Amino acid sequence: MLYRLSAPHRLMHTANALMIAGVLLLLAGISGAYLFDQNLALSSIVACHALVILGPTALKIGYVMRLLAERSEKLAA
């Protein structure tokens, strides 16, 4: 993992992947928790509600990583 965070372009790639994963987790959580909740078991609904929290968290962490990568690129130039 430290190898991926050592260079700004690798950090940017990891940040973008984390942001995409965060959006996908959020969309999966919303669809499971609010759209298809009639067809799911209670444990699945609880897991989908957890995804509604974890998705934006991953998105925010990815955004901060992206800002760090951009700052590192500016300092290296």
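The values are calculated or read from the model by the stated rules, or taken from the named source; none is laboratory data. It should be emphasised that the depicted structure is a prediction, and the values quoted were computed from it without experimental measurement. So basically every Cβ, Gly included, is an ideal-geometry build from the backbone, and we count neighbours across all protein chains shown.
For GLN38, which of the numbered conditions (1) surrounded by 15 or more Cβ atoms within 10 Å (Cβ to Cβ); (2) free of Cβ contacts under 8 Å to residues at least 12 places away in the same chain; (3) not β-branched (Val, Ile, Thr) fails to hold?
(1)
Conditions (1) in contact with a Leu (Cβ under 9 Å, 6 or more places away or on another chain); (2) at pLDDT 95 or above, marked per residue:
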| site | (1), (2) |
| --- | --- |
| LEU2 | no, no |
| LEU5 | yes, no |
| ARG10 | no, no |
| LEU25 | yes, yes |
| ILE30 | yes, yes |
| ASN39 | no, no |
| SER44 | no, yes |
| LYS60 | no, yes |
| ALA77 | no, no |
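Across region 3-58, which residue is farthest from the chain's Cα centre (by Cα) among those that are farther than 30 Å from GLU70 by Cα and of a type in the set (Ser, Thr, Tyr)?
Checking each candidate, the answer is SER43.
Just to be sure, is LEU59 in a helix (DSSP H, G or I), touching a Gly at 6+ places or on another chain (Cβ under 8 Å) and at negative phi? Lay out the reasoning, then the answer.
On the way: in a helix (DSSP H, G or I): yes; touching a Gly at 6+ places or on another chain (Cβ under 8 Å): yes; at negative phi: yes.
Judged against the criteria, LEU59 is a match.
Residue under question is ARG66, and the condition is that it be surrounded by 15 or more Cβ atoms within 10 Å (Cβ to Cβ) and basic (Lys, Arg); does it hold? Before you say what the answer is, go through the steps one by one.
Details: surrounded by 15 or more Cβ atoms within 10 Å (Cβ to Cβ): yes; basic (Lys, Arg): yes.
So ARG66 passes the test.
Got a sec? Which of VAL52, VAL23 is buried (at least 16 other Cβ atoms within 10 Å of the Cβ) and in contact (Cβ under 8 Å) with a residue 24 or more places away in the chain? Let's see the steps before the verdict.
Details: VAL23 fails: buried (at least 16 other Cβ atoms within 10 Å of the Cβ).
VAL52 is the lone residue from the list that is buried (at least 16 other Cβ atoms within 10 Å of the Cβ) and in contact (Cβ under 8 Å) with a residue 24 or more places away in the chain.
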